[in-house]
Amino acid sequence: MSATLTSTPAADGFRMPAEWEPHAGCFLVWPERTDNWRDGAKPAQRAWRTLIETIATAEPVTVLVSARQYAVARALLSDDVRLVETTTNDAWVRDTGPTFVVNDAGDVRGVSWDFNAWGGLRGGLYFPWDADDLVGPKICDLERVPVHRPGFVLEGGSIDVDGEGTVLTTEECLLNPNRNPDLSRGRIEQLLHAHLGTSKVIWLPRGVHLDETDGHIDNLARFVAPGVVLLTWTDDVDDPQYARSAEALAVLERETDAAGRSLTVVKVHQPGPLAITEAEAAGVDAVPGSQPRLAGERLAGSYVNSYVGNGIVVLPVFDDPHDAAAVATYERLFPGRRIRTVPGREILLGGGNVHCVTQQLPAGR
Ligand code: KQY
């Protein structure tokens with residue numbers, strides 16, 4: 001078993017690297033629960049297959065999969081994708097997996113936060129979540145990396161770092177009483193710094209409209225280089241997203257990062273607005289205690305929810321008029337990487353997107 005450490009990463013000289021730094025691999029979890037993924041999760045599994053095979057062109061991919069689905073996934077995925085039989089509650093490894101940290105010597109450790117399904121009994125999205133809460137330590141075991149257990153509820157999709165001391169997050173999520181009701185903003189900042197090796201938090205007020213995670217940053221705004229932030233945007237002042245993006249922009253325009261740099265903000269227009277169709281809603285099993293999926297409900301679609309891998313960027317597209325501009329924006333921001341698109345709608349129907357279902361393992365020694 002991986003050693004559980006009692007120090008903090010920062011005290012031991014570790015920091016969370018930016019996603020664009022080199023990776024040793026990427027983790028995903030195979031989707032199967034039919035109260036979140038329509039039509040027996042088959043359309044979602046096809047979407048995962050495309051995503052997995054795209055990332056596998058760039059770095060080694062490991063997929064955690066239940067015993068029930070092992071043979072199904074093995075038949076669908078290419079041989080170089082590693083499958084590991086693991087019990088989980090759903091497929092959001094960005095949030096259930098560890099946040100990896102590195103030091104200058106190339107050592108890697110995991111930080112395994114507490115997971116309460118995005119709000120526990122106060123608005124959480126499913127019950128139980130005990131198997132998901134163990135995904136972080138299990139991945140650390142698999143990778144033989146020591147693990148920190150801060151005892152603090154946090155999801156990987158609620159933080160974003162530049163790898164140079166700055167962490168971006170939202171008040172809507174991290175200050176939500178359904179995560180850590182007894183911790184003040186100041187104490188949360190201390191815990192972030194101690195576990196991410198950061199020294200500056202930039203707090204944006206709210207995430208994407210109707211994002212069921214309570215406003216995860218990875219759907220709203222993310223660092224794409226030191227001093228550069230990609231922000232989901234709409235030009236429609238009557239759209240509920242407008243005020244959210246505009247207030248985030250105002251904060252980003254007046255803030256500086258940990259190194260004292262002003263930030264350049266790049267806007268990417270949101271898709272849609274997108275909504276669940278009747279047929280899509282009808283394909284999801286209605287189960288008490290799970291998030292209902294209702295026809296006509298708006299989806300929290302965003303192109304910001306992408307994955308930056310070795311020499312590649314993978315972003316979701318939606319068969320939407322804004323897709324082409326989003327791809328062009330990524331091509332401009334990442335000139336040295338292949339820009340690859342994957343169909344994002346099936347993942348979005350489950351409540352997230354490409355970034356939410358991936359977790360990078362940084363390259364160590
Ligand atoms: O956005 C994410 N990081 C996760 C979304 C979870 C949705 C659960 N239905």
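Each value in this text was obtained by applying a stated rule to the coordinates, not by laboratory testing. Just so it is clear, the model here is predicted, and its values are computed rather than measured. Cβ atoms come from the backbone with ideal geometry, glycine included; neighbour counts cover every protein chain shown.
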Which residue, 142, 333, 64, tops the fluctuation ranking in a GNM of the chain built on C-alpha contacts under 10 Å? 142
The stretch 247-365, relative contact order [Cα under 8 Å, separation at least 6], %: 22 percent
Taking 52, 312 and counting other C-beta atoms within 10 Å, the order from fewest to most: 312, 52
Quick one: net charge of residue 222's neighbours, Cβ under 9 Å, K/R +1, D/E -1? -3
Each label point is 7 Å from the Cα along the Cα-to-Cβ direction; what then is the distance between the points at residue 243 and residue 127, in nm? 3.2 nm
Along the charge dipole of the chain, Cβ charges K/R +1 and D/E -1, which of 304, 103, 92 sits furthest on the positive end? 103
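Assuming 0.36 nm per residue, please report the length gained on full extension of the stretch residue 87 to residue 253 beyond their Cα-Cα distance. Write down the numbers at each step before the final one.
Values: separation 166, 0.36 × 166 = 59.76 nm, distance 4.35 nm.
Answer, rounded to one decimal: 55.4 nm.
Express the relative contact order of the chain as a whole percentage, based on alpha carbon pairs under 8 Å and six or more residues apart in sequence. The partial results should precede the final answer.
Working: 835 pairs, mean separation 82.1, N = 365.
About 22 percent, as a whole number.
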How about residue 138: which aspartates and glutamates have a C-alpha closer than 13 Å to its C-alpha, ignoring those fewer than 8 places off in the same chain? 85, 130
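Hydropathy first: keep DSSP H helices in the chain averaging at least 1.0 on Kyte-Doolittle, then drop any whose Cα extent along the axis falls short of 27 Å, and list what survives.
On the way: long enough: none.
Going by DSSP H runs, there are no hits.
Cβ neighbours within 10 Å, averaged per peptide: list 86-97, 235-246 in order, most packed at the top. Walk me through the numbers on the way to the answer.
Working: 86-97: 24.8, 235-246: 14.9.
Peptide ranking by packing, descending: 86-97, 235-246.
Explain nothing, just the number: relative contact order of the stretch 199-253, from Cα pairs under 8 Å at least 6 residues apart, as a whole percent. Don't jump to the answer; show the numbers that get you there.
Details: 57 pairs, mean separation 19.5, N = 55.
Answer for the stretch 199-253 is 35 percent.
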For the chain, percent of DSSP beta bridges that are antiparallel (nearest 5) comes out at 40 percent
In the stretch 288-365, what % of DSSP beta bridges are antiparallel (nearest 5)? 35 percent
FRET E, pair residue 71, residue 185, Förster distance 41 Å, beta-carbon r, rounded to 0.05: 0.30
Sort 318, 334, 127 so the one with the fewest other Cβ atoms within 10 Å of its own Cβ comes first. 127, 334, 318
Along the dipole axis of the chain (charges at Cβ: +1 for Lys and Arg, -1 for Asp and Glu; origin at the Cα centre), the most positive-end residue among 219, 154, 77 is 77
Cα to Cα, under 28 Å, and not fewer than 8 places away if on the same chain: which lysines meet these conditions relative to residue 267? 200
